[in-house]
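Chemist: Would you mind keeping the following structure in view while I ask a few things?
The values are calculated or read from the model by the stated rules, or taken from the named source; none is laboratory data. None of the values given here were measured: they were computed from a predicted structure. Reconstructed Cβ throughout: ideal geometry from the backbone, glycine too, with neighbour counts over all protein chains shown.
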Amino acid sequence: MGAGRLTSRLVVDGITDGPAPGFTDAGESYDLVVAGAGIAGLAAAYFWLRDVQPDARILLLDPAAQFGGHATRHEYTVDGHRLLATGGSQAITRPSTYPASARDLLRELGINTDRFHQDCDPGHYRGQGAGGHGVFFHREHWEHDHLAVLPPGTKWTDALAAAPMPPEARRQLGEILDRCPDWLSGRDRAAKLAALRVRTCAQVLTDFADLHPAVHRFLLRSTAVDSGLNFDQHPALDAALIGFPGLSGLRIGYEGDPWPGLSKTGRQFWYSEEAPVYRFPDGNATIARALARALIPTLAPPGTVDDLLSATLDESQLDSPQQNVRIRLRGKVVEVRNTGSAVSVTYTAGGGRHRVTAGAVILASWTAGLPAIVPELSTAQRSAAAATGRYPLAYANLALRNWKPWQRLGINRLTLPSGHWQRGALEFPVHIGDHHPSPGPEHPVPANFFGCFTRPGVPPAVGAAQGRHWLINHGPAELETSLLDTLTRVLGPAGFDPDRDIAALTVNTWPHGYARYLTLPHDADRWPDGPLPGDLLAKGVGRIRIAGVDVANHPYLDGAVDTAHTAVRELARVAGPGTR
């Protein structure tokens, strides 16, 4: 690992290696049991207390070592500096589009999204001489190693002048990135939309643009970390709306209703052009912390959301018999059954199997495994669950002792068109509470890298399954090595030494990561007319309901919250309070 490295950790689906603590089953009974302590599960417990039964006894079970699900956080202390980073869910995406349930929840937790316009510091790195964007070409996939740097205010055509691509490919790619042509020029709005609805991004460029194969190769992974879909899988209609490279110049117009055929995510993007500034230093882990403190007030000292960033949690309160709400970590739900006026919940923890009784149950985790957990699901629901397999992701956090090599190169972010990782950046600069971005390149800073492992060249569901298999069975051994190799090749010429400059490294792998959503042309039999898998699953069975982003059919925070709200509302009609 090198003499300078403090620690290296691997986290798979939120679960770290290590023995689970013992647990003695006491024949417990609860008003509500929630399987999953991510945002959806925490929100479900919150809504139950708020709307159904303020004094309810609630148990949340989660197999991970910390609550929050994908909204997980990491803390590092480097040379006396405290660093925060996220290992998963990062942003409050376009909050103006949120349904009332999610907007109300954020407000009740003390989260005012307007603040981020002042808290965010978009000029931070530019003011330090590191405002540029780097693109690194790996020699294994291109002619030789090469870092192309786009300084602020310059053109990609110039930045790519020495890129290891044929001259025609460099010219075409620069044109696409600087001011993308309208490949459908001459067609009216209806004809453009009709062409996009039945094509992926790659198909549009193949059918309507005469591009060098190297340009297609460069773009293949360009959409992956944003959606879980590669360029040859991503729906062209959504990409044109969002403005992804290659589809940003079609000049269709946004007047009237959303374009027919947009995914649910695309429809959400229709109504807003908000800047991506809504981000805590530890991502959505702050929201998970705020929810957990609302459920268990003794978990953290009273105060604002800002205070939660630096608060030390009293984890002994998570599963305390003195609390009405208990969060039991390292507890994996393996079976849920209706038993007349109650629900039996079996889970594993501490090397044994345990059973509790609940008046109602909400399942708030990834849904592909539900048929094995809920035997009562209908045939249609089992089929729906199988259709919700997620896109595999990995997040790496590095605690760097300094960022002087980045400054020498003039960059704060990287795009990697080949290899395991597709994107990386120094910490998102935001001032909240006593947290401030690294004041200068001689100070420690976290850096984050992201990779999506959906395999291209096949339908999305197949590519996701192949990527999950690789990530579970082969990926962990390669991810750290490939990242360190890439960083050495990118930053080494500017003086970077991984053994000296990396204080800590954490790799979070999420085989069950980015929630799959229905799109055209891949899901024409179900989208947009249905029946949608999420709608079938949300109905649950008996006193069991299902919530989360798989049910929402889009992968963002408000989907987790709104489906939790719906599950509580529907369960209250069936079970109601006083069921223990």
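Chemist: Kindly list the number of the only condition in (1) closer than 25 Å to residue 308 by Cα; (2) in contact with a Pro (Cβ under 8 Å, 6 or more places away or on another chain) that fails for residue 98.
Modeler: Result: residue 98 fails condition (2) only.
Chemist: In addition: How many residues, within the range 257-289, are assigned to a loop (DSSP other than H, G, I, E, B) and under 16 Å from residue 197 (Cβ atoms)?
Modeler: At the first step, the residues of the range 257-289 found to be assigned to a loop (DSSP other than H, G, I, E, B) are 257-263, 271-284.
Checking which are under 16 Å from residue 197 (Cβ atoms) leaves us with 257-263.
Of the residues in that region, 7 qualify.
Chemist: Can you confirm whether residue 394 is more than 30 Å from residue 442 (Cβ to Cβ) and out of contact with any Lys or Arg (no Cβ under 8 Å at 6 or more places or on another chain)? Break it down into steps so the answer makes sense when it comes.
Modeler: Values: more than 30 Å from residue 442 (Cβ to Cβ): no; out of contact with any Lys or Arg (no Cβ under 8 Å at 6 or more places or on another chain): yes.
Against the criterion (more than 30 Å from residue 442 (Cβ to Cβ) and out of contact with any Lys or Arg (no Cβ under 8 Å at 6 or more places or on another chain)), residue 394 does not qualify.
Chemist: One residue is enough: does the range 180-187 have a residue meeting the conditions outside the structural domain of residue 459 (by TED's automatic domain parsing) and touching a Lys or Arg at 6+ places or on another chain (Cβ under 7 Å)? Let's see the steps before the verdict.
Modeler: Quick first cut of the range 180-187, residues outside the structural domain of residue 459 (by TED's automatic domain parsing) only: 180-187.
Now restrict to residues that are touching a Lys or Arg at 6+ places or on another chain (Cβ under 7 Å): 182, 184.
Yes, because at least one residue in the range 180-187 is outside the structural domain of residue 459 (by TED's automatic domain parsing) and touching a Lys or Arg at 6+ places or on another chain (Cβ under 7 Å).
Chemist: Which fully enclosed strands (runs of 3 or more DSSP E) of the range 46-90 have 1 or more residues being among the polar types (S, T, N, Q) and buried (at least 24 other Cβ atoms within 10 Å of the Cβ)?
Modeler: Details: elements: 58-62, 73-78, 81-86.
Because the criterion is at least 1 residues that are among the polar types (S, T, N, Q) and buried (at least 24 other Cβ atoms within 10 Å of the Cβ), the strands (runs of 3 or more DSSP E) in the range 46-90 that meet it are 81-86.
Chemist: Output the residues belonging to the range 194-240 that are assigned to a strand (DSSP E or B) and under 21 Å from the mean Cα position of the chain (by Cα).
Modeler: Result: 235, single match.
Chemist: What helices (runs of 4 or more DSSP H), lying completely within the range 470-580, carry at least 1 residues that are over 30 Å from residue 198 (Cα atoms) and either in contact with a Cys (Cβ under 8 Å, 6 or more places away or on another chain) or not hydrophobic (A, V, I, L, M, F, W, C) (or both)?
Modeler: 475-491, 498-501, 557-574
Chemist: Would you check if residue 205 is in contact (Cβ under 8 Å) with a residue 60 or more places away in the chain and within 26 Å of residue 459 (Cα to Cα)?
Modeler: Values: in contact (Cβ under 8 Å) with a residue 60 or more places away in the chain: no; within 26 Å of residue 459 (Cα to Cα): yes.
In short, no.
Chemist: Same structure, new question: What pairs come out if I take residues in the range 307-324 that are in contact (Cβ under 8 Å) with a residue 40 or more places away in the chain and pair them with residues that are surrounded by fewer than 13 Cβ atoms within 10 Å (Cβ to Cβ) whose C-beta lies under 7 Å away, six or more apart or interchain?
Modeler: Sorted first by the residue in the range 307-324, then by its partner, the pairs are 310/434; 324/55.
Chemist: Further question on the same structure: Being among the polar types (S, T, N, Q) and not in a strand (DSSP E or B) is the filter here; which residues of the range 353-403 pass it?
Modeler: 365, 367, 378, 379, 381, 383, 388, 402
For (1) in the same structural domain as residue 562 (by TED's automatic domain parsing); (2) among the basic types (Lys, Arg); (3) in contact (Cβ under 8 Å) with a residue 24 or more places away in the chain, each residue gets a yes or a no:
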{"position": "328", "(1), (2), (3)": "yes, yes, yes"}
{"position": "346", "(1), (2), (3)": "yes, no, no"}
{"position": "349", "(1), (2), (3)": "yes, no, yes"}
{"position": "369", "(1), (2), (3)": "yes, no, no"}
{"position": "376", "(1), (2), (3)": "yes, no, yes"}
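Chemist: Could I ask something else about it? Could you list, ordered by first residue, the pairs with Cβ atoms under 7 Å in which the first is in the range 66-88 and at positive phi and the second is part of a strand (DSSP E or B) and small (Gly, Ala, Ser), at least 6 apart or interchain?
Modeler: If the second residue must be part of a strand (DSSP E or B) and small (Gly, Ala, Ser), the pairs left are 68/38; 69/38.
Chemist: Please work out which residue is nearest to residue 364 (Cα to Cα), limiting yourself to the range 379-410 and to residues that are among the polar types (S, T, N, Q) and out of contact with any Ser or Thr (no Cβ under 6 Å at 6 or more places or on another chain).
Modeler: Here the residue is 381.
Chemist: Still on this structure: May I ask you to list the residues in the range 140-163 that are in contact with a helix residue (DSSP H, G or I) (Cβ under 9 Å, 6 or more places away or on another chain) and closer than 15 Å to residue 415 by Cα?
Modeler: Taking the range 140-163 and keeping what is in contact with a helix residue (DSSP H, G or I) (Cβ under 9 Å, 6 or more places away or on another chain), we get 141-142, 145, 147-152, 155-163.
Scanning the range 140-163 gives 141, 142, 145, 147, 148, 149, 150, 151, 156, 159, 160, 163.
Chemist: Considering only residues of the range 187-245 that are of a type in the set (Val, Ile, Thr) and modelled with pLDDT of 95 or more, which is surrounded by the most Cβ atoms within 10 Å (Cβ to Cβ)?
Modeler: 223
Chemist: If you check residue 425 against the conditions, is it in a loop (DSSP other than H, G, I, E, B), under 22 Å from the mean Cα position of the chain (by Cα) and closer than 20 Å to residue 513 by Cβ?
Modeler: no
Chemist: Is there a residue being among the aliphatic types (A, V, I, L, M) and free of Cβ contacts under 8 Å to residues at least 12 places away in the same chain anywhere in the range 505-513?
Modeler: No, the range 505-513 has no match at all.
Chemist: So, one more: Look at residue 509 and say whether it is polar (S, T, N, Q), touching a helix residue (DSSP H, G or I) at 6+ places or on another chain (Cβ under 6 Å), farther than 13 Å from residue 360 by Cβ and not assigned by TED's automatic domain parsing to the domain that holds residue 420.
Modeler: It is false that residue 509 is polar (S, T, N, Q), touching a helix residue (DSSP H, G or I) at 6+ places or on another chain (Cβ under 6 Å), farther than 13 Å from residue 360 by Cβ and not assigned by TED's automatic domain parsing to the domain that holds residue 420.
Chemist: Moving on. In the set 419, 440, 410, which member is surrounded by fewer than 21 Cβ atoms within 10 Å (Cβ to Cβ) and modelled with pLDDT under 95? Give the derivation first.
Modeler: Numbers: 440 fails: modelled with pLDDT under 95; 410 fails: modelled with pLDDT under 95.
Result of the check over 419, 440, 410: 419.
Chemist: Now, a different point. Can you confirm whether the range 117-133 contains a residue that is touching an Asp or Glu at 6+ places or on another chain (Cβ under 7 Å), surrounded by 13 or more Cβ atoms within 10 Å (Cβ to Cβ) and of a type in the set (A, V, I, L, M, F, W, C)?
Modeler: Within the range 117-133, none of the residues are touching an Asp or Glu at 6+ places or on another chain (Cβ under 7 Å), surrounded by 13 or more Cβ atoms within 10 Å (Cβ to Cβ) and of a type in the set (A, V, I, L, M, F, W, C).
Chemist: Of all residues in the range 445-464, how many are part of a helix (DSSP H, G or I) and farther than 27 Å from residue 85 by Cα? If you could, list the steps in order and put the result at the bottom.
Modeler: Taking the range 445-464 first, the residues part of a helix (DSSP H, G or I) are 460-464.
Next cut, farther than 27 Å from residue 85 by Cα only: 460-463.
Number satisfying all stated conditions: 4.
Chemist: Also: I'd like to check something: does the range 570-577 contain any residue that is within 22 Å of the chain's Cα centre (by Cα), on the phi < 0 side of the Ramachandran plot and either without any contact (Cβ under 8 Å) to a residue 60 or more places away in the chain or buried (at least 24 other Cβ atoms within 10 Å of the Cβ) (or both)?
Modeler: Scanning the range 570-577 turns up no residue that is within 22 Å of the chain's Cα centre (by Cα), on the phi < 0 side of the Ramachandran plot and either without any contact (Cβ under 8 Å) to a residue 60 or more places away in the chain or buried (at least 24 other Cβ atoms within 10 Å of the Cβ) (or both).
Chemist: Within the bounds of the range 472-492, is there any residue that is at pLDDT 90 or above, crowded, with 18+ Cβ neighbours inside 10 Å and closer than 18 Å to residue 388 by Cβ?
Modeler: Scanning the range 472-492 turns up no residue that is at pLDDT 90 or above, crowded, with 18+ Cβ neighbours inside 10 Å and closer than 18 Å to residue 388 by Cβ.
Chemist: Which condition breaks for residue 407 when tested against (1) closer than 30 Å to residue 60 by Cβ; (2) touching a Pro at 6+ places or on another chain (Cβ under 7 Å); (3) of a type outside the set (Gly, Ala, Ser); (4) outside any loop (DSSP other than H, G, I, E, B)?
Modeler: Going through the list (1) closer than 30 Å to residue 60 by Cβ; (2) touching a Pro at 6+ places or on another chain (Cβ under 7 Å); (3) of a type outside the set (Gly, Ala, Ser); (4) outside any loop (DSSP other than H, G, I, E, B), residue 407 breaks only (1).
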